[in-house]
Amino acid sequence: MDLRRVWLCLGTGVCAVSAQAFTVPPLGEREALVRVVSRWDGNCEGSHRSSWDDMVVAWYNDITNPLPPPWGHGDRFWWRDGFYHGSWSGGAGYIRDSDFTDVNVVSWGRDHWNDRPDDVDACMVAFHGSSGSDGAWCGQMFSDEPGDGNCWTWQGHMEFGDIDLDFLHLSSCVSMDATDWHPNWSRSFKGVHQINGFEGVMYIYSSWPFRYRDFADDAFDCPIALAWLDNLYVYRCFGDDDDPTPQRRDQVPVSRGAGIGPNGQSNCWARMYAERYNDVWPTDPVNPTWHGVIYLIGSQAKGRPPLGGVYTGCVPTQAPADPFPAPLAEGFREVDDIPPLPRPLTESDYALSIGLLLPAFDSSILSPAPGPDWLPSALPGRIATALGDTTPEDIVADGWLIEARDTADTKVIKIDTDRGRVRYINRTRLFNWDSDPHTAWPETASLGLVLGFMNQLSIPTAEADLAATRVETVAGSDFENDDPSGTPFSTHEAERMVTIPRSINGLPVLDEQVRAAVSNYGQISRLLAIWPQFQLRPGLMLRPRQAVIDELAARIYEAEFGADIDVGIDLAYARFGTQYLPVARATLDNTITGLIIVVPLVDVPPDADADGVADSADNCPATHNPRQLDGDEDGVGDACDNCPHTYNPGQEDTDADGTGDVCATPEGGCFLPDGACETLTPVQCRAAAGTYRGDGTLCPNQPGLVGDANCDGVVDFGDINPFVLALSNPAAWQTAYPACDSWNCDIDGDGTVGFGDINPFVALLSNP
């Protein structure tokens with residue numbers, strides 16, 4: 001039970017205080033929210049970013065997926081609270097600075113309002129990020145708010161968890177920089193359990209919604225902090241031909257948590273290595289005594305020192321002697337090697353630079369033969385045996401999906417033959433700060449374990465890029481709450497992370513690898529293998545080199561609009577649908593975000609979402625969905641359908657909340673200021689300044705006067721103690737006031753009596 005103090009302070013100076021006991025709400029009552037800004041208005045200009053919405057919504061759609069396993073989370077799902085998008089088009093402008101600002105810090109803060117981050121249990125936030133002059137994180141807002149003249153929201157104005165928020169995920173650059181770990185972020189922990197973000201630049205890529213979806217999926221079975229690292233760490237290295245020390249440009253995820261009480265250090269790490277979406281601790285860290293971060297030692301964002309102070313450098317590459325080497329042999333060169341041009345740059349300027357950067361390619365890039373298909377034999381029993389584990393007892397299979405769990409729900413194996421993906425998690429093997437060794441298993445032995453697994457499962461090791469294989473260390477550092485120095489109190493090693501990337505024909509295969517965590521006892525605790533059968537699409541024809549250059553230049557210009565940016569370009573293979581194409585990959589580094597652009601080196605029909613289905617035949621032309629699933633047969637693919645289980649070909653969404661009208665929160669009783677009741681949707685009710693009561697049957701049976709906690713017919717100071725009792729002990733309140741309806745105390749109209757009702761109640765007393 002979480003004991004919180006409820007203070008009700010009125011304009012008269014009268015305060016009522018009560019100890020309030022809260023338990024974690026049932027899974028289906030926990031709320032998930034997305035707030036994203038990917039386009040800006042004229043006053044607050046940012047680099048517009050497509051695909052960003054798809055990435056964060058993929059997380060949202062998975063955490064709120066109520067379908068039974070293996071397709072969804074069944075009764076473990078979270079409630080959909082809303083997708084809110086700041087957009088310059090049409091001036092919707094849902095996302096403002098004040099949405100993230102706490103009223104306890106600045107009077108105009110409203111992070112506790114309905115549909116704001118602190119009013120839900122888990123929130124994913126996406127917008128450009130930067131560091132302020134004080135080193136604290138800033139997020140770029142949609143529009144300049146009247147009154148404060150600010151296009152940015154500042155971390156120093158944020159206090160999270162004092163209302164409801166448990167988990168905050170920041171899809172934003174520099175949102176968890178090492179210089180900001182402590183004490184800056186420590187000041188924002190007012191009950192929030194965990195905040196996840198990035199050191200340095202975060203990248204946006206049209207094919208990465210799967211990373212965010214997998215993060216949500218894993219976080220039901222794996223600690224959220226580790227699921228964040230598993231799915232969102234991306235190793236990148238670009239160097240100049242003449243540079244002996246090429247630059248790391250990793251996407252570096254960091255998980256940040258807190259602990260409470262005299263054993264706050266132990267409490268912090270117990271939370272960080274245990275809490276997941278399916279196991280939220282009932283006690284909020286309201287007054288943290290310790291703070292901790294989890295990260296990969298040596299991971300390094302562009303222009304930043306390596307985390308943990310250990311420089312691991314880049315994978316060594318042989319620099320070609322010839323500036324125009326043979327096909328497939330060229331390394332990388334940088335735009336910043338080229339003399340700077342006056343800003344703004346033109347599309348032609350970009351093309352000239354790209355022409356120097358793009359490696360040579362010829363028909364040899366179309367030579368790879370199909371590889372072996374190991375997945376048909378990758379059944380749960382065989383996977384468990386290869387990992388030195390027992391087979392989970394409960395196995396569910398449907399189509400190309402298999403999910404196996406043990407009865408204690410500590411172990412899961414998931415197989416997706418369509419994606420070529422195997423996921424294994426065993427929580428009994430995860431790090432325990434109190435009892436396990438704080439030194440990681442030896443690197444060589446850890447690599448041997450993972451290679452042995454691959455051999456036992458017949459994953460084709462001939463396709464493994466052993467020269468680029470990495471063994472890294474997951475570590476945790478903690479800080480005392482009252483220490484303002486920012487110096488870690490201690491650092492421990494939690495596990496080794498072994499990553500074996502895939503390569504074909506000497507080129508990397510994008511986003512395909514085996515990644516495994518090896519415990520400090522030498523056991524694989526988590527493993528992710530993405531390694532589908534390699535099949536090059538037949539009948540391919542190379543595009544002219546200039547056509548590739550021109551397309552890259554056009555897309556970079558569209559994204560950056562003349563900015564003098566840093567670009568790295570390499571060649572690779574990428575999966576489109578169920579087959580592969582050779583591509584040029586451009587990695588763009590901006591001051592406030594990164595972007596990855598992939599352009600095929602061969603002629604293919606237009607396919608904006610790169611899912612292998614031509615736009616003309618794609619039921620979600622802007623959303624990656626190679627399977628083209630359409631469960632309700634309305635002609636709109638499930639991946640982009642705003643009601644994927646209800647027929648709605650028109651996709652009507654009157655309130656623009658991302659959920660179609662036919663499956664939105666149902667209309668219900670809305671009590672208007674004049675006392676009348678109408679059947680409206682929640683959005684319509686708020687627009688009419690009414691109080692939503694959910695079920696339409698409540699209209700003819702009006703529960704009473706909102707705010708009248710003692711049912712004496714008026715709302716006055718006599719309602720304070722009854723209201724506090726309704727918050728702290730609903731059963732006792734119902735006994736004391738048997739004629740009262742609980743709706744009387746639901747001031748904000750969200751269907752529950754909770755902390756969100758306190759401020760509206762005080763306002764009601766102050767101005768009835």
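Taking all C-alpha pairs of region 486-641, those more than 28 Å from each other amount to 40 percent.
Electrostatic bookkeeping for ARG271 treats Lys and Arg as +1 and Asp and Glu as -1; over the other residues with beta carbon under 12 Å from its beta carbon, the sum is -3.
Contact order for region 517-602, expressed relative to its length and based on alpha carbon pairs under 8 Å spaced 6+ residues apart, stands at 26 percent. Karplus-derived 3J(HN,Hα) values for region 477-488, using 6.51 cos²θ - 1.76 cosθ + 1.60 with θ = phi - 60°, are 10, 10, 9, 6, 4, 8, 9, x, 6, x, 8, x Hz; glycine and proline are entered as x.
Can you give the Rg to Rh ratio of region 25-309, both from alpha-carbon atoms, with Rh computed by the Kirkwood formula?
Rg/Rh: 0.95.
Projecting the Cα atoms of PHE755, VAL583, THR469 onto the charge dipole of the chain (Cβ charges, centred on the Cα centre) puts THR469 farthest toward the positive pole. Comparing Cα centroids, region 198-269 and region 708-768 end up 43 angstrom apart. Bridging of LYS190 to lysines at a Cα separation below 30 Å is possible for none of them, once same-chain residues fewer than 8 apart are set aside. Reported to the nearest whole Å, the Cα centre-to-centre distance from region 379-444 to region 452-473 is 18.
With viscosity set to 1.567 mPa s at 4 °C, what whole-number translational diffusion coefficient in µm²/s follows for region 54-188 from Stokes-Einstein and a Kirkwood radius over Cα pairs? Translational D for this selection: 82 µm²/s. Taking amide H atoms as placed 1.01 Å from N in the peptide plane, the amide H of ARG236 lies under 5 Å from those of ARG249, ASP250, GLN251, each 5 or more residues away in sequence or on another chain. Note on region 366-419: Rg/Rh from C-alpha atoms, Kirkwood Rh, equals 1.10.
Towards the positive end of the charge dipole of the chain, with charges on Cβ (+1 Lys, Arg; -1 Asp, Glu), say which of ALA440, GLY612, LEU226 has the farthest Cα. Positive-end residue among those listed: ALA440. Centroid-to-centroid, using Cα positions, region 112-157 and region 571-589 are 34 Å apart.
Computed from point charges on the beta carbon alone (+1 for Lys and Arg, -1 for Asp and Glu), the dipole magnitude for region 375-530 about its Cα centre is near 660 Debye. How high is the relative contact order of region 375-530, in percent, counting Cα pairs under 8 Å that sit 6 or more residues apart? Rounded, it is 23 percent for region 375-530. Listed by number, the DSSP H helices of the chain that run 20 Å or longer by alpha-carbon position along their axis and have mean Kyte hydropathy of at least -1.0 are 443-457, 545-560.
For region 166-218, relative contact order (Cα pairs under 8 Å, six or more residues apart, normalised by length) works out to 48 percent.
An oblate overall shape is assigned to region 375-530, the ratio a/c of its alpha-carbon gyration tensor axes (a ≥ b ≥ c) being 1.5 or greater and a/b not exceeding b/c.
Out of every Cα-Cα pair in the chain, what percent are more than 52 Å apart? Of all Cα-Cα distances in the chain, 13 percent exceed 52 Å. Positive-end ranking of SER143, ILE597, HIS291 along the dipole of the chain, with charges on Cβ about the Cα centre, is headed by HIS291. Binning the alpha carbon pair distances of region 450-502 at 10 angstrom intervals from zero yields the distribution 21, 31, 20, 15, 11, 1, expressed in whole percent.
Read-outs: derived from the displayed coordinates by stated rules, not from any lab. Everything numeric here is computed off the predicted structure, so don't read it as measured data. Cβ coordinates were reconstructed from backbone atoms using ideal geometry, including for glycine residues, and neighbour counts include every protein chain displayed.
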